[in-house]
Amino acid sequence: MNDQLRNQTIAMDAVVGKIQQFTIETPSWGYGDSGTRFKVFHWPGAARTLREKLADAAQVNAVTGVCPSVAIHIPWDLEDDWRSVKDYAHGLGLRIGSVNPNLFQEESYRLGSLCHTDKHVRQRAIDHVLECIQIAQAVDSDILSLWLAEGTNYPGQDSLRGRRHRLLESLQAIYAALPAGMRLLIEYKFFEPAFYSTDLPDWGTSLLMAQKLGPQAQVLVDTGHHPQGTNIPQIVTQLLDEDRLGGFHFNDRKYADDDLIVGSLNPFELFCIFNEIIDAGAEENPNVGRIAYMIDQSHNIEPKIEAMVQSVLNIQTAYAKALLVDRVALRSSQEASDVLEGYRVLQAAYETDVRPLLAEVRARQGLDPDPITALRNSGYADRVARERVAVATASGYPGA
Ligand code: LRH
Ligand code: MN
């Protein structure tokens, strides 16, 4: 460990402990073939079934030590025996994490699902989400993670207030079915696939809905779902202050919802997000201990398992740097209105090379200090490429 770190006043052991306890959920859909509306390129050995996705996720957990849960998406991962899925995951050292309903691939959802003018379509959508609640209970998951694709494409196409009222009514029916201890995370996105209005377009709309529903409802921040220039760290502070930050879907983007590897384009933004969380934690914010950290990416041209490991490393790097912020110096420079000193305190932490620290963390977990090398040396990806036979897919996500 280099001298620069040793001089840090911060108790290294505490930092190592926090990094080891910091777990990241990987998405089942990140292991399968996915693409854009233009093409899905098949990756040799890409997982096709839930069990293959879990096996790949177990490999990510094996080399990183911090990915014990996998998010599932229904019906992409629909199974008829959830007990055996739970046992299979357990056998791999994993558990099923958040359950994601899919209200964007049924023909009847062309003009919406929970917001649709036709109450039969709304009921069909509500029933699907209630089925997902039962699946979550069957696999001991305590998170229902809901994203709605719906909105309108033209002004006047539908009543925006009418859609909002129908959305709330549908969410209330879902909330009423939530068992104690299960959280409903409401994900927002400013556009796509709707191109005039989106019914859950921003954090404020999701927060208002969550507050109307009750304490088990919170907001999910997908880092790719904001207009260019949005200050996501500030959104995080607001949601933490309202005790409504349920979790993240981490990924990165240059333009729109690109779903690229988190921290690959905006690592400083990711650092600032963690800085706000740790800062709130330093002031005993109750929400900080209940944030679900999840990855939501689609790996269209890169090796999927390695991309997931790289994503975990990028998140750990940003988190470790944020843990190294000298909060005493930061607070005093802020109270002294020393405009640039506060920035320099963050910059000092951000420019700290934390690779030796992360290697130390892994060594203490009995892991290879370099997970990418460990993954490549395992030969796992080559083995599954030999074992798994390809299934042709058309475009976008499965079933699109
Ligand atoms: C929508 C989204 C949502 C999902 C999907 C896989 O863009 O972020 O979280 O369900 O991606
Ligand atoms: Mn998402």
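The values are calculated or read from the model by the stated rules, or taken from the named source; none is laboratory data. Given the structure is predicted, the values throughout are model-derived calculations rather than measurements. FYI the Cβ positions are ideal-geometry reconstructions off the backbone, even for glycines, and counts take in every protein chain you see. To get the accessible areas, we keep the full protein, side chains included, count just its heavy atoms, and leave off ligands, DNA and RNA. Shrake-Rupley method; radii C 1.70, N 1.55, O 1.52, S 1.80 Å.
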Going through the stretch 193-205 in order, the residues found to be buried (at least 21 other Cβ atoms within 10 Å of the Cβ), of a type outside the set (A, V, I, L, M) and not in a strand (DSSP E or B) are Asp199, Trp203
Flagged in the stretch 139-192 as of a type in the set (A, V, I, L, M), more than 16 Å from ligand 2 (Cβ to nearest atom), crowded, with 17+ Cβ neighbours inside 10 Å and closer than 22 Å to Trp82 by Cα, in numbering order, are Val139, Ile174, Leu178
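Every residue, every condition in (1) more than 16 Å from ligand 2 (Cβ to nearest atom); (2) in contact with a helix residue (DSSP H, G or I) (Cβ under 7 Å, 6 or more places away or on another chain); (3) of a type in the set (Ser, Thr, Tyr), yes or no:
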{"site": "Gly229", "(1), (2), (3)": "yes, no, no"}
{"site": "Thr237", "(1), (2), (3)": "yes, yes, yes"}
{"site": "Asp241", "(1), (2), (3)": "yes, no, no"}
{"site": "Leu245", "(1), (2), (3)": "no, yes, no"}
{"site": "Lys254", "(1), (2), (3)": "yes, no, no"}
{"site": "Asp257", "(1), (2), (3)": "no, no, no"}
{"site": "Ser264", "(1), (2), (3)": "yes, yes, yes"}
{"site": "Asn275", "(1), (2), (3)": "yes, yes, no"}
{"site": "Ala280", "(1), (2), (3)": "yes, yes, no"}
Restricting the stretch 92-133 to residues that are among the hydrophobic types (A, V, I, L, M, F, W, C), in a loop (DSSP other than H, G, I, E, B) and within 16 Å of ligand 2 (Cβ to nearest atom), the one most open to solvent (accessible area, probe 1.4 Å) turns out to be Phe104
I'd like to check something: does the stretch 246-254 contain any residue that is hydrophobic (A, V, I, L, M, F, W, C) and either farther than 20 Å from Asn100 by Cα or out of contact with any strand residue (DSSP E or B) (no Cβ under 8 Å at 6 or more places or on another chain) (or both)?
no
Per the filter on the stretch 168-222, residues within 30 Å of Tyr154 (Cβ to Cβ), aromatic (Phe, Trp, Tyr) and out of contact with any Pro (no Cβ under 8 Å at 6 or more places or on another chain) are Phe195, Trp203
Just one listed residue, out of Ala318, Ala307, is part of a helix (DSSP H, G or I), open to solvent by less than 10 Å² (accessible area, probe 1.4 Å) and touching a Phe, Trp or Tyr at 6+ places or on another chain (Cβ under 9 Å), and it is Ala318
Within the stretch 138-158, residues farther than 18 Å from Gln216 by Cβ, touching a residue at least 12 places away in the same chain (Cβ under 8 Å) and of a type in the set (Gly, Ala, Ser) come out as Ala138, Ala149, Gly151
query = If we scan the stretch 3-11, do we find a residue that is modelled with pLDDT of 95 or more, outside any loop (DSSP other than H, G, I, E, B) and either buried (at least 17 other Cβ atoms within 10 Å of the Cβ) or more than 16 Å from ligand 1 (Cβ to nearest atom) (or both)?
reply = no
If we keep only residues of the stretch 206-233 that are away from ligand 1 (no atom under 15 Å from the Cβ) and touching a residue at least 40 places away in the same chain (Cβ under 8 Å), then the residue surrounded by the fewest Cβ atoms within 10 Å (Cβ to Cβ) is Lys212
Of the residues in the stretch 356-382 that are of a type in the set (D, E, K, R) and within 30 Å of Ala46 (Cβ to Cβ), the one that is most open to solvent (accessible area, probe 1.4 Å) is Arg376
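Residues are listed down the side, and each one gets a yes or a no for (1) charged (D, E, K, R); (2) farther than 17 Å from Ala307 by Cβ; (3) touching an Asp or Glu at 6+ places or on another chain (Cβ under 9 Å):
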| residue | (1), (2), (3) |
| --- | --- |
| Ser34 | no, no, yes |
| Gly45 | no, no, yes |
| Lys53 | yes, no, yes |
| Asp56 | yes, no, no |
| Val66 | no, no, no |
| Val70 | no, no, yes |
| His73 | no, yes, no |
Val236 vs (1) outside any loop (DSSP other than H, G, I, E, B); (2) out of contact with any Asp or Glu (no Cβ under 6 Å at 6 or more places or on another chain): all pass except (2)
